[in-house]
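Below: the structure, in structure tokens.
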């Protein structure tokens, strides 16, 4: 039995890409900084997504709020108090903080997107032949077979870097910031949820929330 070359090629790319995505964490913290005197844990947070796409912003704020609430922190999405699209004027943010009763502001923005080329080697398995069919295919076109093995493939993926900041409202003080890297995001709902859990876990570990 012989698989057509285009089908085999597509199967190799799809399988390798799925394996690559499954092995790599979705979001990781690249670096972070914490105030040497952060003060008591923040107990009520207003989540502000610095994102122009209103649907993505709301999805992110909802997921971040859900992650914080799951860890016992009171949290509200900024869009509930400031539903305007695009950059919010300072007065709108001040009003949102006042109306939400937040003691902390958690902000996130994308700072850059980098493309990453991943070279995927040929798979260790071969076409679904028995021994005799395999032996002939191992010698390639000279024996009438279209290929001897699937070639290496190059898969291009995006790395999205974001900046996360936690401010204490009193004194307008930055108490924690981090740069994150998210590998090949494709689903705003799932990617935002995974991102939010990474951030919430880190804040809880550092006892900032």
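The values are calculated or read from the model by the stated rules, or taken from the named source; none is laboratory data. These numbers were taken from a predicted model, which means no experiment stands behind them. Note that each Cβ is placed from the backbone with ideal geometry, even for glycine, and that neighbours are counted across all protein chains shown.
If you go through the range 173-209 and keep only what is outside any helix (DSSP H, G or I) and modelled with pLDDT under 90, you end up with 183, 184, 185, 186, 187. Would the range 126-133 turn up any residue that is at pLDDT 90 or above and assigned to a loop (DSSP other than H, G, I, E, B)? For the range 126-133, residues at pLDDT 90 or above and assigned to a loop (DSSP other than H, G, I, E, B): absent.
Out of 155, 65, 110, one residue alone is modelled with pLDDT under 65 and not in a loop (DSSP other than H, G, I, E, B). It is 155. Selection of the range 82-105 for residues being at pLDDT 95 or above and in a loop (DSSP other than H, G, I, E, B) yields 101, 102, 103. Taken over the range 67-86, residues that are surrounded by fewer than 17 Cβ atoms within 10 Å (Cβ to Cβ), over 15 Å from residue 202 (Cβ atoms) and either within 21 Å of the chain's Cα centre (by Cα) or touching a residue at least 24 places away in the same chain (Cβ under 8 Å) (or both) amount to 3.
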